[in-house]
Structures are given as structure tokens and as C-alpha cells.
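Since every read-out is calculated from the coordinates, none of them should be taken as a lab result. Computed from a predicted structure; not experimentally measured. Glycine also receives a Cβ, built like all others from the backbone with ideal geometry; neighbour counts cover every protein chain displayed.
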Amino acid sequence: MKRLLSVMALGFAVSTQAQVWKTLPKGVRILGYRNVSTSKVKSNFNQFRSESSLGTSFRLDASTLNAIAGDIIVPGQDINADAYNNFLIGEYKVDAQAQFNVHGLGFGYGINNNVMFYTEVAYYNAQVLTNIKRTKNNTYGSTSDILHGGNGGLSDDTLADNLNKLPDVDEGVIQSALTNVYGYKPIGDWYGSGYGDMETGLMAKVIDKGIWGVMLYPGVVLPTGRQDDPDILQDVGFGDGQFDFFGEAATGYVVNDMLSFGTTFRYTYQAPTDKELRVPGSQDSTVSSEKDTFNVKYGDKINWMVNSTIGFNDWLSITPMYRFMYQASSLYTSENINADNYLGYNSDKMEHQVQLTTSISSIQPFLKKKFILPAQINLNLVQTVAGKNVPKVGRFELELRMLF
């Protein structure tokens, strides 16, 4: 569930008109508000690009006990190696579903007829509902059989008899272990709210030929958002804790008054930062009793969007859109090389989204002096249809924009 919101960009910086390269005229301001409501997030697209349930899995076995107690059991010496490898207390999964409501506010100002300044920030309300499920039972019986059949003599027989007397570890015991042994806060429903990261930048119109044009805009994302807590398994961060620097280009073509096309491309460099994280013991589970400070360099990102706007009249239009995102693997650096590799392994991300926007706008009627106020209402339906290491989520967005 960590960094679940990493792909939910608000994107107030897009043009208020069909032409994606247009900027605000000198002295004109735009104020935008967006409300985003997501569907219930119950699954994600995992590292194999297939859909899997949301949550964290972990297992308790002999190696887990060694990790907790400090390698007190030596396979082949204190216990039969086959028995050591077979021994399992249980496997467990923290099942989860999440839902979010986001309020975003954006502001832009035309510095001159070709350059505008903009900034945007969002406020998140999130809930994550969780419960612990057992996915594999203990192997006390089969491990005892291995010990009885081994060549360790009386010691193996005694250990086998003691194994059969061990208590079964159910979900309640795991809850207690996560809090008392691993140091996590109790698993349960989580509710959080707070600001996300703030984006600000400039938009510069460099070519405007009437029916086509080009706009460039550099910007920065400030780490103002709430970060996830390494002591809470089920929480969600609203920001990722480091500065992002990006450059974007937008271009398009107007066929006629009723049809136009647009596309944007953004490259984002994510600056490294230090974070306190749990030290994983394997690639398959991040549950750990140990914490350490890691220098984290999240992978750089590319975002690409292409759309077509179909206008029915000066007031009403629809815009089907495709969005693509790719983020390179992250790099972790600490004194624990194994943990660095576990955290960075297969951590690249990919996302494919489709969007349909219905726009009601008075901008063209205002320019034609047929309406007194230039404003726009957008209704957006967005769905993630494929990806890797990203949540499968749909969302509905209501956006209001006003020029003054």
C-alpha cells in the first residue's frame, strides 16, 4: 500500500482551451478547483503486470525465527537441514482496500502573452480497510516426521516431540507479534488526511501558427505532502518526500472548429533523499523488525498524453484521452547491501490510462461577446487499464475553472 497515490496527478496546468499550446493572455488569471473521487482500490497490477489483491504478505519460518533471535538455530548442526527448510509456522496476508477523495486548487497568471505562471496543490482524504488472513497452515507434523526419520538420534526425536506441542499461530497471535515483536502499530482500518506535494512552474508558448503550436514548460514539485510511516503497514503517503524537476512539451493541431488534436510529453527527474525504512529480509516481504536510513533515488519518469477534442458547439465538447506513464527502477543505498537490492528489485512502474472528458465552457461565447463570464466545467472519467506496480483504480473528477 506504500506510495499508492504516486500516479494520481491532478494536472491543473493543462490549457483552458482545446489548443494545448495556448497560454493565458497578459494579466489574465485562472483559478481552478478539482474534486477527485476514486473507486474502491482492491487490487494492483503487480511486478508481473497481472492483477493481484492489494496488501502485504509474509511468512513465519525457521529463518524468520533466526532473524528475530539472532541466528540461534544452525541448520545441519542444531537441527536437520531438511527439517529446518520445511518448518513453517504459517503464511499470512494483510488484505486491504482503499478509497480516496481529493480536493485540488490551482492558480495561473499570464506574465505576458506568451508566458504564464501556475501552481497547484491538493488535499487528500483517505481510508484503508484492512484485515489479516492466514494463507498457509503450520508444518509441525511434517517437520516432526522428518526429524523422526533423520539420523540425529535422541536429540532429533526430542525436538520432534516438542514441535508437536507448539501452539498454532492464528491471526490474533500475528497481530500481537506484529506489534510486540516487529514494532508495528496495530493492523486495522486507517484514516488519514493532509496536503499532497505542490507543483509550480512556467508555461511558455514558443510557436503559435493558429492551427498548430508548441508550448514548453519547466517546473518543480515540492515535497509538501505527508509521507508514509514505516511503523504503519496500512497507511498511505500523499507525497514521496523529495524534490522533482520536470520539463514538458505540448503541441497540437486544429482541423476545424469542431475537431482538434493534442499531445504532451513530460520528463521528470526525482532528486535523491534520505528516508527511514524497514529493512526487508527478502524480495518477497518488507515486513521487518529492523529500521535503517536509506538514501533513496526514485526512478525518473516519463508521462505521455494524446487526445482529440470533438466540439458540438461553442459550449459543449468531449475529449477522449490516452495517458502513459513509465518510472524507472529506484535505487536504494545504505549499509545493508542485501536490503538495498531487495527494495530496488523490479521496482520500475508502468501505467496505461484512458480518460473521457465532457466540457461545458463559456470561454468561446465570452470571446464572441455572447456571455458575460469566461468559465469551464469538466467532467472526467479515468480508468487504469494496465500497468506494473501501480494500483488498478478508476476515478471521477469534477473540475471548475474561472478566468478573471
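Annotations for the structure displayed:
- In this entry, the stretch 246-404 is assigned a mean projected area of 11.9 nm², taken as a quarter of its C-alpha convex hull surface.
- Anisotropy class assigned to the stretch 122-267 is prolate, per the alpha carbon gyration tensor with a/c at or over the 1.5 cut-off and a/b larger than b/c.
- Cβ-based charge dipole, the chain, positive-most Cα from 126, 81, 236: 126
- Proximal lysine pairs, the stretch 294-404, alpha carbons under 23 Å, eight or more residues apart or interchain: 7
- Mean-square fluctuations from a GNM of the chain, with a 10 angstrom spring cutoff on Cα atoms, peak among 132, 146, 111 at 146.
- Positive dipole terminus of the chain, leading residue within 148, 281, 271 (C-beta point charges): 271
- Summarising the amide proton neighbourhood of residue 138: residues at separation of 5 or more, or on other chains, whose placed amide H is nearer than 5 Å comprise an empty set.
- From helices alone, the chain scores -3500 deg cm²/dmol at 222 nm; the rule is -39500 (n - 2.57) for each run of n ≥ 4 DSSP H residues, then divide by the residue total.
- Net charge over other residues, Cβ less than 14 angstrom from the Cβ of residue 90 (K, R count +1; D, E count -1): 0
- The residues packed around residue 331, meaning those with a beta-carbon under 9 Å from its beta-carbon, carry a net charge of 0 if Lys and Arg are +1 and Asp and Glu are -1.
- Ascending count of other beta-carbon atoms within 10 Å, so fewest first, for 118, 191: 191, 118
- Shape category assigned to the stretch 329-371 from the gyration tensor of Cα positions, a/c cut at 1.5: prolate
- Close amide H pairs (under 5 Å, H built 1.01 Å from N) link residue 241 with 225, residues at least 5 positions away or on another chain.
- Chymotrypsin sites (Phe, Trp or Tyr not before Pro) restricted to DSSP loop in the stretch 270-337 with at most 11 other C-beta within 10 Å: 312
- Phi angles across the stretch 83-94 convert, under the Karplus curve 6.51 cos²θ - 1.76 cosθ + 1.60 with θ = phi - 60°, into 3J(HN,Hα) values of 5, 4, 5, 7, 5, 9, 7, x, 10, 9, 9, 8 Hz, Gly and Pro given as x.
- Loop-resident sites, the stretch 99-188, for trypsin sites (Lys or Arg not before Pro), counting at most 11 other Cβ within 10 Å (DSSP): 165
- Gyration tensor verdict on the stretch 216-288 (Cα atoms; rounded if a/c is under 1.5, prolate if a/b is larger than b/c, oblate otherwise): prolate
- Across 329, 144, 361, mean-square fluctuation computed from a Gaussian network of the chain (C-alpha pairs under 10 Å connected) peaks at 144.
- The chain - convex hull of the alpha-carbon atoms, volume per residue in Å³: 128
- Candidates per trypsin sites (Lys or Arg not before Pro) in the stretch 310-375, loop by DSSP, up to 13 other Cβ within 10 Å: 368, 369, 370
- Across the stretch 49-54, coupling constants 3J(HN,Hα) worked out from phi with the 6.51/-1.76/1.60 Karplus curve, θ = phi - 60°, read 6, 9, 7, 9, 5, 7 Hz, and Gly and Pro carry x.
- Amide H to amide H, with H built 1.01 Å from N, residue 392 comes under 5 Å of 43, 44, 45, counting only residues 5 or more places away or on other chains.
- HN-Hα J in Hz across the stretch 284-294 - Karplus 6.51, -1.76, 1.60, θ = phi - 60°, x for Gly and Pro: 8, 8, 9, 5, 7, 8, 10, 10, 8, 8, 10
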